[in-house]
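Structure first, commentary second.
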Amino acid sequence: MSITVGAAAKKVAVAVITDPKVMKKIVGIVIGIIVIICMPIVALVSICNGTMDIDTDKLTASIKQSVTDEQNATFKLYNDTMEKVEKQLKNKHLSKYNTLAEIIYLFYLTDKSKDKDFVKDYVSCFKKDYSNADVVNAVNKKFGKEVELEYINKMVKSASGSKISLNGYYDPKVKNNLDLAEWCKNANKNGWGYVYGAYGQICTTAFLDQQAASWPGANEAGGPMRTVGEKWLGKRVTDCIGLIKSYGWYNPNDGSIKPGANGFADCSADSIWNMVSESGDISTIPEVPGLAVWQSGHIGVYIGNGEVVEAMGTAYGVVKTKVAGRGWSKWLKIPNIQYVKKQEATQKPKNNSNKNKKKKSKE
């Protein structure tokens with residue numbers, strides 16, 4: 001089975017599990033899709049049992065065994081229908097609406113899947129420069145539905161906040177400074193929040209409880225920070241060193257963030273110094289995006305032009321600041337990061353190799 005609906009399920013999962021009203025509407029349809037097709041099941045299960053320490057492979061296998069042939073056929077119908085919708089959107093140069101189309105379909109239109117000309121009629125609801133409201137109005141008029149714009153906007157926002165895209169990266173296959181800087185800029189752009197001890201997880205009530213139990217200090221994840229952390233529900237969250245670790249531990253092949261992956265050892269903002277081989281006083285920081293800036297107990301990532309992205313604290317989240325005036329004392333090269341000069345990034349390695357092959361063939 002392809003991952004079209006699986007991708008949509010991942011995106012709307014946060015809205016589903018954090019909004020009881022939405023949950024009540026589509027629990028029979030979407031939860032099945034979320035759990036069965038590719039979703040990082042940890043987030044969903046943590047809602048039920050308050051822990052993240054589970055064997056997701058065994059859980060997935062167990063769930064799949066309990067699914068009937070009829071349910072599998074239904075999921076396949078949803079998947080095939082969305083593939084057709086996205087193909088027609090692409091033909092009309094409207095692929096930017098894919099996420100919106102997936103969400104509206106999964107939550108409101110699955111009962112129309114077998115209708116004659118459904119895909120054609122549904123795609124006709126999307127026009128160039130249409131807003132979410134325009135699409136919702138078109139869908140309601142075309143299908144006699146009562147799609148609620150408020151919920152659609154909430155789900156789309158959740159999808160945007162949790163989505164990790166590597167578009168425009170220098171080389172996703174190699175951990176490098178330019179992509180680290182891009183990763184941090186995207187975390188800021190997508191509104192990642194701050195929870196002590198986090199490294200890119202989706203924030204849920206159960207996750208906040210878990211972190212508060214693990215780090216109960218008032219300046220960590222416990223005490224008042226447990227309550228403040230609720231502002232990040234539905235968003236990806238991290239702490240200062242977790243922002244760096246989330247990039248290092250991210251696997252672009254399956255979208256997972258696994259501690260210790262890709263040769264990146266777990267560390268704190270201070271213990272990272274045990275692995276650092278090149279550093280200097282902050283006054284000598286080179287113009288190299290992807291360097292870390294440091295002060296006792298805190299770390300950020302330099303993105304160039306005198307700017308830093310840092311996970312500042314529970315009340316602030318991931319923010320963009322200036323190097324000056326933030327108390328940074330040192331800069332350092334992050335272990336296991338390949339440092340590439342900006343001018344070397346004008347052509348990606350893959351493109352260079354392809355061009356070389358073409359030149360050789362001509363010769």
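It is to be established whether one or more residues within the stretch 301-313 are touching a helix residue (DSSP H, G or I) at 6+ places or on another chain (Cβ under 8 Å) and in a loop (DSSP other than H, G, I, E, B).
no
Scan the stretch 294-316 for residues that are of a type in the set (A, V, I, L, M) and exposed (fewer than 13 other Cβ atoms within 10 Å of the Cβ) and jot them down.
Answer for the stretch 294-316, where residues must be of a type in the set (A, V, I, L, M) and exposed (fewer than 13 other Cβ atoms within 10 Å of the Cβ): just Ala315.
Say we look at the stretch 234-272 and pick out the residues that are touching a residue at least 24 places away in the same chain (Cβ under 8 Å) and over 21 Å from the mean Cα position of the chain (by Cα); which of these is farthest from Gly317 (Cα to Cα)? Don't jump to the end; show me each part of the working.
Going through the stretch 234-272, the residues touching a residue at least 24 places away in the same chain (Cβ under 8 Å) turn out to be 234-250, 252, 255-257, 259, 262-265, 267-270, 272.
Retained after the next criterion (residues that are over 21 Å from the mean Cα position of the chain (by Cα)): 263, 265, 267-270, 272.
Numbers: Gly263: 27, Ala265: 24, Cys267: 20, Ser268: 18, Ala269: 17, Asp270: 20, Ile272: 22 Å.
This residue is Gly263.
What are the residue pairs meeting all of these: first residue in the stretch 114-132, first residue in the same structural domain as Leu77 (by TED's automatic domain parsing), second residue of a type in the set (Gly, Ala, Ser) and surrounded by 16 or more Cβ atoms within 10 Å (Cβ to Cβ), Cβ atoms under 7 Å, and 6 or more apart or on different chains?
That search, which allows pairs on different chains as well, returns Cys125/Ala138; Phe126/Ala101.
May I ask you to list the residues in the stretch 111-161 that are of a type in the set (Ser, Thr, Tyr) and assigned to a helix (DSSP H, G or I)?
Residues satisfying the conditions are Tyr122, Tyr151, Ser158, Ser160.
Take the residues in the stretch 223-266 that are of a type in the set (S, T, N, Q) and at pLDDT below 90; name whichever of them is nearest to Val309 (Cα to Cα).
Residue satisfying both the conditions and the ranking: Ser256.
For Pro224, are the conditions met, namely being free of Cβ contacts under 8 Å to residues at least 12 places away in the same chain and surrounded by fewer than 19 Cβ atoms within 10 Å (Cβ to Cβ)?
Yes: the conditions hold for Pro224.
Can you tell me which residues in the stretch 276-329 are among the β-branched types (Val, Ile, Thr) and touching a residue at least 60 places away in the same chain (Cβ under 8 Å)?
Residues of the stretch 276-329 that are among the β-branched types (Val, Ile, Thr), as a first pass: 276, 282, 284-285, 288, 293, 299, 301, 303, 308-309, 314, 318-319, 321, 323.
Residues satisfying the conditions are Val288, Val301, Ile303, Val309, Thr314, Val318, Val319.
For every residue, the table says whether it meets (1) modelled with pLDDT of 95 or more; (2) out of contact with any Gly (no Cβ under 8 Å at 6 or more places or on another chain); (3) surrounded by fewer than 20 Cβ atoms within 10 Å (Cβ to Cβ); (4) part of a loop (DSSP other than H, G, I, E, B).
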site: Gly200; (1), (2), (3), (4): no, no, no, no
site: Phe207; (1), (2), (3), (4): no, yes, no, no
site: Gln210; (1), (2), (3), (4): no, no, no, no
site: Pro289; (1), (2), (3), (4): yes, no, no, yes
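The values are calculated or read from the model by the stated rules, or taken from the named source; none is laboratory data. All values reported here derive from a predicted model rather than from experimental measurement. Positions of Cβ are generated from backbone atoms using ideal geometry, with glycine treated the same way; all protein chains shown enter the neighbour counts.
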